[in-house]
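Visitor: Can you keep this structure in mind? I'll have questions shortly.
The values are calculated or read from the model by the stated rules, or taken from the named source; none is laboratory data. All figures in this text were calculated on a predicted structure; none of them were measured in a lab. Here the Cβ positions follow ideal geometry from the backbone for every residue, glycine too, while neighbour counts run over all protein chains shown. Just so you know, the surface numbers come from the protein's heavy atoms only, side chains and all, with ligands and any DNA or RNA stripped out. Shrake-Rupley method; radii C 1.70, N 1.55, O 1.52, S 1.80 Å.
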Amino acid sequence: MNFYAIKAIYTFEMARWWRTILQSIISPVVSTSLYFVVFGAAIGSRIEAVEGVSYGAFIVPGLIMLALLQQSISNASFGIYFPKFAGTIYEILSAPISHVETVIAFVGAAATKSVILALIMLATAALFVDLNIAHPVWMLVFLILTAVTFSLLGFIIGIWADGFEKLQLFPLLIVTPLAFLGGTFYSITMLPPLWQTISLFNPVVYLVSGFRWAFYDASDVHIGISLAMTLAFLAVALIIVAWIFRTGYRLRT
Amino acid sequence: MNMHVQAAEAAVSISNLSKTYDTGFEALKNVSLDIRKGEIFALLGPNGAGKTTLIGTVCGLVNPTSGQILVGGHDVVADFRKSRALIGLVPQELTGDRFETVWATVSFTRGLFGKPRNDAVIEKILKDLSLWDKRNEKLITLSGGMKRRVLIAKALSHEPEILFLDEPTAGVDVELRRDMWRVVRELRERGVTIILTTHYIEEAEEMADRIGVISKGEIILVEEKTELMTKLGKKDLTIQLQEPIATLPATLTAIGLRLNGDGTELIHTYDSQADRTGIATLMAAVSAEGLSVKDLSTSQSSLEDIFIGLLRDRA
């Protein structure tokens, strides 16, 4: 194991984040606060409790999950895309570092950033609503598993993208709609039966449901299924990354 | 001598290396080349000859299609950790993490190559390359020449045994060129093997111990520099005349003499490695025509002439 290399990339990525720490943290915190003001206080006060939880508190896990997905993808995709764009990727390719180590460093840094952000959002949310977390350890497990999975996805997008447009395309066209339709702001049990069934094809449903269970001990789908699906997404992401490295796809000519 | 012993003695040993890109372009055709430990090897060739691809395959940027490369006896594919740890690469293009400081980016490379932090080593490198004053500046604020120095510092940060310089002096000022060659000489004294690509022939002529010429993906020649120059060098014999003449007598034209513009010099180009250069016959013919000779001089052709001659012969 080339630990010095993992440390070098990880520290480099964290330092890059640290330089723009204000934007990195303030913008998600502000947008989350806005969601709470609008949905929690303004509209939420007129919405009845969902699954026994006030609407303002109900949307907390979903909002955090939404930000976690977006931040994991954008952090990781940018982290690997930028060296390709700037040409500095030559250094990583010529270094005595294995594929596994490269992924650990880049994905680890991206996941760390988004988990930190999620925790800051959680703290922000606690200012607006009464939060109690039924299963704190499981909450962290879901947080970390999801952050790693979507950072891997971001890593894949960063390697696939050959322009900044493509970097934005996938999160904008696929991830954000899936997150909004994945029960972030509602319980899928509120939907008509047909849409409930369709929703089950949306991977985000399982992530949000599992995460919400960790908070309120109530979920749209069984917690076991949520966990299994989360692990399955992680496995799929790992398989794709392994394939990319084995074939040298878009990295080595 | 068996193959293994040979491979261990060579810093880089390339055998039967071919590279065909996905586009079908054959960048390298069955290249075999040994770089000796501690030498400065110049790889000369026109643009698009395959120099950068060759370096890329050794350093891990390009996947070889077939063939084998050993660096310090380690296979670059099967044993990439050991082989790559030995190599420092200065790429052709000026790249860099624009918002990083010089110190941070050079230290980053050291870590990437698996070496623990060592501030003294980084300090020495930065001072050698006149970068010490700039250590806390961001790359984006540096001039092109300074960025080139940073790339060299990065390549040296993990104290490599083999240094690749891909077109190191393209667009570089005289001062940096001088600094760079000083550093290269010091490295060589410490036993570092240096491989540089260039199309500036005077650079190879000045620096290299051995020269390889690559053209259209094939190594067409590998030779000691001094040998190459004497072996392939053509010489010009210039005969200065006491009195200018208007036309060259037919007997002299017949044996290959030319007259210069103002009629004061006769020029004869000959192959200095030939057994019989024909100079005696020539001189006899000149005096037979009644021309009186004021002075004689010979000049050796430069590596550039050799190079152009080689490529022309292949075309």
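Visitor: Quick check on the stretch B:205-222. Is at least one of its residues more than 16 Å from the chain's Cα centre (by Cα), among the hydrophobic types (A, V, I, L, M, F, W, C), at pLDDT 90 or above and open to solvent by 10 Å² or more (accessible area, probe 1.4 Å)?
Guide: Scanning the stretch B:205-222 turns up no residue that is more than 16 Å from the chain's Cα centre (by Cα), among the hydrophobic types (A, V, I, L, M, F, W, C), at pLDDT 90 or above and open to solvent by 10 Å² or more (accessible area, probe 1.4 Å).
Visitor: Further, regarding this structure: How many of the residues making up the stretch B:42-91 are under 19 Å from A:Ile92 (Cβ atoms), out of contact with any helix residue (DSSP H, G or I) (no Cβ under 8 Å at 6 or more places or on another chain) and among the hydrophobic types (A, V, I, L, M, F, W, C)?
Guide: Count: 6.
Visitor: Going through the stretch A:20-36 one residue at a time, which ones are of a type in the set (S, T, N, Q), open to solvent by 60 Å² or more (accessible area, probe 1.4 Å) and closer than 20 Å to A:Ile59 by Cβ?
Guide: Of all residues in the stretch A:20-36, those of a type in the set (S, T, N, Q) come to A:20, A:23-24, A:27, A:31-33.
Applying the additional criterion that residues be open to solvent by 60 Å² or more (accessible area, probe 1.4 Å) yields A:23, A:27.
If the condition is that a residue be of a type in the set (S, T, N, Q), open to solvent by 60 Å² or more (accessible area, probe 1.4 Å) and closer than 20 Å to A:Ile59 by Cβ, then A:Ser27 is the only one that fits.
Visitor: Now for a separate question. In the stretch B:98-149, what residues are open to solvent by 20 Å² or more (accessible area, probe 1.4 Å), at negative phi and in a loop (DSSP other than H, G, I, E, B)? Show your work before the answer.
Guide: We begin by selecting, within the stretch B:98-149, every residue open to solvent by 20 Å² or more (accessible area, probe 1.4 Å); these are B:98-99, B:101, B:103-104, B:107-108, B:114-121, B:123-124, B:127-128, B:130, B:132-138, B:140-141, B:143-147.
Then drop every residue that is not at negative phi, which leaves B:98-99, B:101, B:103-104, B:107-108, B:115-121, B:123-124, B:127-128, B:132-138, B:140-141, B:143-147.
Within the stretch B:98-149, B:Arg98, B:Phe99, B:Lys115, B:Pro116, B:Arg117, B:Asn118, B:Arg135, B:Asn136, B:Glu137, B:Ser143 meet the criteria.
Visitor: Just to be sure, is A:Arg246 among the charged types (D, E, K, R) and either within 14 Å of another protein chain (Cβ to nearest Cβ) or surrounded by fewer than 20 Cβ atoms within 10 Å (Cβ to Cβ) (or both)?
Guide: Answer is yes for this residue.
Visitor: Looking only at residues in the stretch A:90-130 that are within 30 Å of B:Gly88 (Cα to Cα) and among the aromatic types (Phe, Trp, Tyr), which one is farthest from the other protein chains (Cβ to nearest Cβ)?
Guide: Narrowing the stretch A:90-130 to residues within 30 Å of B:Gly88 (Cα to Cα): A:90-110.
Of the ones still in play, those that are also among the aromatic types (Phe, Trp, Tyr) are A:90, A:106.
Working: A:Tyr90: 5, A:Phe106: 12 Å.
Across the stretch A:90-130, the extreme among qualifying residues is A:Phe106.
Visitor: Which residues, taken from the stretch B:38-85, are within 18 Å of B:Leu165 (Cβ to Cβ), in a loop (DSSP other than H, G, I, E, B) and within 11 Å of chain A (Cβ to nearest Cβ)?
Guide: B:Gly60, B:Leu61, B:Val62
Visitor: Another question, if that's okay. Are any of the residues in the stretch A:96-119 open to solvent by less than 20 Å² (accessible area, probe 1.4 Å), touching a residue at least 12 places away in the same chain (Cβ under 8 Å), farther than 21 Å from A:Val241 by Cβ and assigned to a helix (DSSP H, G or I)?
Guide: Yes, some residue in the stretch A:96-119 is open to solvent by less than 20 Å² (accessible area, probe 1.4 Å), touching a residue at least 12 places away in the same chain (Cβ under 8 Å), farther than 21 Å from A:Val241 by Cβ and assigned to a helix (DSSP H, G or I).
Visitor: Can I ask one more? In the stretch A:217-241, how many residues are part of a helix (DSSP H, G or I) and either in contact with a helix residue (DSSP H, G or I) (Cβ under 8 Å, 6 or more places away or on another chain) or touching a residue at least 40 places away in the same chain (Cβ under 8 Å) (or both)?
Guide: 13
Visitor: Right, next: Would a scan of the stretch B:214-223 turn up a residue that is assigned to a helix (DSSP H, G or I) and under 27 Å from B:Ser13 (Cα atoms)?
Guide: Scanning the stretch B:214-223 turns up no residue that is assigned to a helix (DSSP H, G or I) and under 27 Å from B:Ser13 (Cα atoms).
Visitor: Picking from B:Leu94, B:Leu70, which residue would you name as being within 22 Å of B:Asp209 (Cβ to Cβ) and in the same structural domain as B:Gly171 (by TED's automatic domain parsing)?
Guide: Answer to the check: B:Leu70.
Visitor: Now for a different question. Restricting attention to the stretch B:86-97, which residues are in contact (Cβ under 8 Å) with a residue 24 or more places away in the chain and either buried (at least 24 other Cβ atoms within 10 Å of the Cβ) or facing another protein chain (nearest Cβ under 7 Å) (or both)? Let's see the steps before the verdict.
Guide: So the first thing to find is which residues in the stretch B:86-97 are in contact (Cβ under 8 Å) with a residue 24 or more places away in the chain, and the list is B:86-92, B:94-97.
Once the filter is applied, which keeps residues that are in contact (Cβ under 8 Å) with a residue 24 or more places away in the chain and either buried (at least 24 other Cβ atoms within 10 Å of the Cβ) or facing another protein chain (nearest Cβ under 7 Å) (or both), the stretch B:86-97 yields B:Ile87, B:Gly88, B:Leu89, B:Pro91, B:Thr95, B:Gly96, B:Asp97.
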